[in-house]
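Colleague: One structure coming up, written as structure tokens, with questions to follow.
Where a number appears in this text, it was derived from the coordinates with a stated rule and is not lab data. Computed from a predicted model, the values in this text were never measured in an experiment. A quick note on method: Cβ atoms are made from the backbone with ideal geometry, for glycine too, and the neighbour counts reach across all protein chains shown.
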Amino acid sequence: LRGLSEISRLEHGNTELHIDVVDLSTLCKQAVQQVVGVGEDIAPVHENLTVVEVATDPALISRILRNLLSNAAKFTPKDGRIDVTLKPGHEGAIIEITDTGPGIAADEKARIFDEFTQARKRCAGPL
């Protein structure tokens, strides 16, 4: 719940960001190590990381990365695959976290960015 309330405060401009210039590849590697270290029975994580420096709040980005990777690890079968890609973007960076898990059911996709929403079911086939 703490994370959800933090996100709500951030969206409404009620929290202070601590901006610093950081190498996102380092944050990605750290997030992968933290998530992989927690679960031994998870799908392998493949990293394709380019060094990209950006001005951001490293604690916030780290938290987001850990959350996305934790979800990927939770829903990807052990014989599946999780990929983390970092590359330069037009005005910053592009981070992609993809996996071979079941995905989100089509009827749930419209709601995934609603505040405090969580998918109730997973898709059985390809998206």
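Colleague: I'd like the chymotrypsin sites (Phe, Trp or Tyr not before Pro) in the range 40-119 restricted to DSSP loop residues with at most 13 other Cβ atoms within 10 Å, sorted by number.
Modeller: Phe113, Phe116
Colleague: Can you list which of the GluC sites (Glu not before Pro) found in the range 30-62 are DSSP loop residues with at most 13 other C-beta atoms within 10 Å?
Modeller: Glu40
Colleague: With a point put 7 Å past each Cα toward its Cβ, work out how far Thr26 is from Ile112 in nm, to one decimal.
Modeller: 3.1 nm
Colleague: Next up: Which of the trypsin sites (Lys or Arg not before Pro) across the range 41-113 are loop residues per DSSP, with 12 or fewer other Cβ within 10 Å?
Modeller: Those satisfying the criteria are Lys78.
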